[in-house]
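The values are calculated or read from the model by the stated rules, or taken from the named source; none is laboratory data. Small disclaimer: the values here were computed from a predicted structure and weren't measured. Every residue, glycine among them, receives a Cβ derived from its backbone with ideal geometry; neighbour counts consider all protein chains shown. For the accessible areas, the whole protein counts, side chains as well, though only heavy atoms, and no ligand, DNA or RNA atoms are used. Shrake-Rupley method; radii C 1.70, N 1.55, O 1.52, S 1.80 Å.
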Amino acid sequence: VSRAQERQELSLVRMEAAARRFREQHPSVNVVSVLSLPLPELSRKLRDGSLPLDHVFYAYVGKALQIATETNCITEFLQESETQLRKAKLMEKQGLLYGVPVSIKDSIDCQGHDSTLGFIKNLNKPAAEDSVVVQVLKRQGAIPFVKTNVPQSLISYDCKNLIFGQTRNPLLYTRTPGGSSGGEGALVGGGGSILGIGTDVGGSLRFPAAFCGICAIKPTGNRLSKRGIKAGVVGQKAVAAAVGPLAKDVESLALCLRALLSEDMFSLDSTVPPLPFNEEVYSSTKPLRIGYYETDFFTMPSPAMRRAVRETKQLLEEAGHTLVPFELTNVDYVIFNYCVRGMFADGGNSFARKFKGEMEKGGSGLFFWLAQAPHWLKTLLSWISKPFVPRFSSIIRSMKENTVDEVWSLHHEIEDFCHQFISQWKKLNLDVMLCPMLGPALGIGYPAKLSVAVSYTMLYNALDFPAGVVPVTLVTDEDEEQLKGYKGYYRDWWDRTLAKAFRGSVGMPVAVQCVALPWQEELCLRFMKEVETL
């Protein structure tokens, strides 16, 4: 661990030296103006040669260093990025992301570097080759330059592990940046990276984006290749994981998907459907039929979350779109029986095994503890707690070990649920859906106590629908005042804790979630763009 921490320290020293060397050699470069360019414009200028590659690269190395010092979001500087920068200048074919520095989440393989997932046992096990996504980024001219921090095991929406410590929210250091792509959220949110790549199995792209005031999209699970990406729970098929981009604006996400959905990716991973980016759908201006709901009746939305959906709905209606209320039911059943039970169908055995020999069990406390408990104890606890804390009872029940037969029927049940959801969607003739997104950012340490609050995001991993987040408002004094009446739907310990976790957030960003049907990433982005513009 101390060697890994020294490596992290050395990374920052190297970044500092590189940025300083560049400043001394090019004292007249206006770094601020380089950093203020949105990605589409920046990539245009890099491609047409009006902006030199090294100006952009070293501007971001300097800024990333500053944000890393403030938030502890970077785990490693990819030194080979400087070599790649020199090579890029000589490239014949300029890809869509030519010369764009990109940050990469810890769990995504980069050749010669560890993908730790915050586990000590994964240290000093450098990846033999780049993950497919990283290979495609490089072929498109992008320059992966840092790896970023994650919570231990990835099964958390905070961002802390024993090796690299806690990452802080760049907007308010007492808050979590979200997780598990928390280092990405902090770095992109703080302006130290213009494009980041993360993963999502319960909200791990959407939490960091929402908490740090930026955009992200979780595509359909198999739209982008997951080859060479380490998962929190390996081989689990009930809840779909996905890889996707985080950026300051929607246009940047679209550019990233355009670049990734290329022949390169389809030939490097033939299990991914060869669906190139559909420009026509993305740039369409026809009015949309939009379903919406303000609550899932499981996690009571904070006043700011409710207001975010309401105000967005109103703006969309004024812009000529049709909004249709959507009746969401049984989210409690989905969370316990599909999500928790699906992720831990082996009673949490494989999850618990990951922690063997680690020094501490990090931020997934409850799940780890339950995974360790013998079956009789789970049954007893579930029975005793049912009248007092029904949600706790349900979590324990859904952490039991299943037979293969039970797992198969669970998968079948999830498929049925998905088709029912789609038929409800089709009955209302919807194009897309507007949904709440948990926010504002919770205090550091709170996510570990509030695993139930993933309900708004994880629903769309169970369904495997594309879902993106767009920041739409900031918490007001009035929101803060209304929070005093926050009781929750269960009035249990979790509800009381969530009320506390939301407090003291005036001025923090709050997002909405934009959702489309499977494989409709372009429509999802088009809707996100509409929300962003309004």
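By the Cα gyration tensor, the range 441-505 has an equivalent ellipsoid whose semi-axes, rounded to whole angstrom, run 22, 17, 11 from largest to smallest.
Note down the magnitude of the dipole of the chain about its Cα centre, charges +1 on Lys and Arg C-beta and -1 on Asp and Glu C-beta and zero elsewhere, to the nearest 20 debye.
Details: 59 positive and 56 negative charges, 200 e Å.
My answer is approximately 960 debye.
Quick one: work out the % antiparallel among DSSP beta bridges in the chain, nearest 5. Percentage antiparallel, nearest 5: 65. The share of Cα pairs per 5 Å bin across the range 347-401, counted from zero up to the longest distance, runs 4, 21, 29, 21, 14, 8, 2, 0 percent. When each of the peptides 25-31, 116-122, 524-530, 438-444 is scored by the mean number of other C-beta atoms lying within 10 Å of its residues, the order from highest to lowest reads 438-444, 524-530, 116-122, 25-31. Beyond 27 Å in Cα-Cα separation lie the following of the pairs K218/K356; K226/K449; K248/K427; K138/K218: K218/K356; K226/K449; K248/K427.
Could you tell me which label, among (1) 63, 26, 22; (2) 60, 30, 21; (3) 35, 27, 23, carries the value of semi-axes √(5λ) of the Cα gyration tensor in Å calculated for this structure? After the calculation, the listed value that fits is (3). Above 25 Å, the calculated P(r) of the range 189-308 contains 35 percent of its Cα-Cα pairs.
Solvent-accessible surface of the range 391-534, averaged per residue with a 1.4 angstrom probe and all protein chains in place: 39 square angstrom.
Averaged per residue, the range 48-185 has 30 square angstrom of accessible surface, using a 1.4 angstrom probe with ligands and nucleic acids left out.
Relative contact order for the range 364-432 using alpha-carbon pairs under 8 Å, separation at least 6, rounded to a whole percent? Working shown, then result.
On the way: 25 pairs, mean separation 15.2, N = 69.
Relative contact order comes out at 22 percent.
Starting from the Cα-Cα distance between K427 and S267, subtract it from 0.36 nm times their residue separation and give me the gain in nm to one decimal. Walk me through the intermediate numbers first.
Values: separation 160, 0.36 × 160 = 57.60 nm, distance 3.78 nm.
My answer for the length gained is 53.8 nm.
Given a 1.4 Å probe and every protein chain left where it sits, what share in percent of the accessible area of the range 257-315 is carbon and sulfur? Let's see the in-between values first.
Working: 1500 of 2690 Å².
Accessible surface attributable to carbon and sulfur in the range 257-315 totals 56 percent.
Which one of V100, V133, S115 is farthest out on the positive end of the charge dipole of the range 87-143, using unit charges on Cβ (Lys, Arg +1; Asp, Glu -1) and the Cα centre as origin? Sorting the options by dipole projection puts first V100.
The simple spin-label model puts a point 7 Å past each Cα toward its Cβ; for V234 and E318 those points are separated by 5.3 nm.
What's the extension gain from Q79 to V13 if we count 0.36 nm per residue and subtract their Cα-Cα distance?
Details: separation 66, 0.36 × 66 = 23.76 nm, distance 1.17 nm.
Additional length available on full extension: 22.6 nm.
Grab the alpha carbons of the range 281-395, take their convex hull, and tell me the volume per residue in Å³. Display every interim value, and only then the final one.
Working: hull volume 20.9 nm³, N = 115.
Convex hull volume per residue, Cα atoms: 182 Å³.
As a calculated quantity, the FRET efficiency between T476 and T285 at R0 = 41 Å, using C-beta atoms, amounts to about 0.80. The HN-Hα couplings worked out from phi for the range 155-160 by the Karplus form 6.51 cos²θ - 1.76 cosθ + 1.60 (θ = phi - 60°) are 8, 6, 10, 9, 8, 8 Hz, whole numbers, x standing for Gly and Pro.
Considering the options M265, I194, Y490, tell which one lies farthest towards the positive end of the dipole of the chain, charges being +1 on Lys and Arg and -1 on Asp and Glu at the Cβ, about the Cα centre. It is Y490.
With a Förster radius of 41 Å applied to the beta-carbon distance between R496 and T533, the computed FRET efficiency rounds to 0.60. Over every Cα atom in the range 91-235, the radius of gyration and the widest Cα-Cα span, Dmax, amount to 14.4, 47 Å. Computed from the alpha carbon atoms alone, the convex hull of the range 249-341 holds 163 Å³ per residue. Among the trypsin sites (Lys or Arg not before Pro) within the range 354-460, those in coil by DSSP and having at most 12 neighbouring Cβ atoms inside 10 Å are K356. Using the Cβ-Cβ distance between R503 and D405 with R0 set to 45 Å, the FRET efficiency works out to roughly 0.45.
The trypsin sites (Lys or Arg not before Pro) of the range 460-505 that meet both conditions, a loop assignment by DSSP and at most 11 other Cβ atoms within 10 Å of the site Cβ, are K487, R491.
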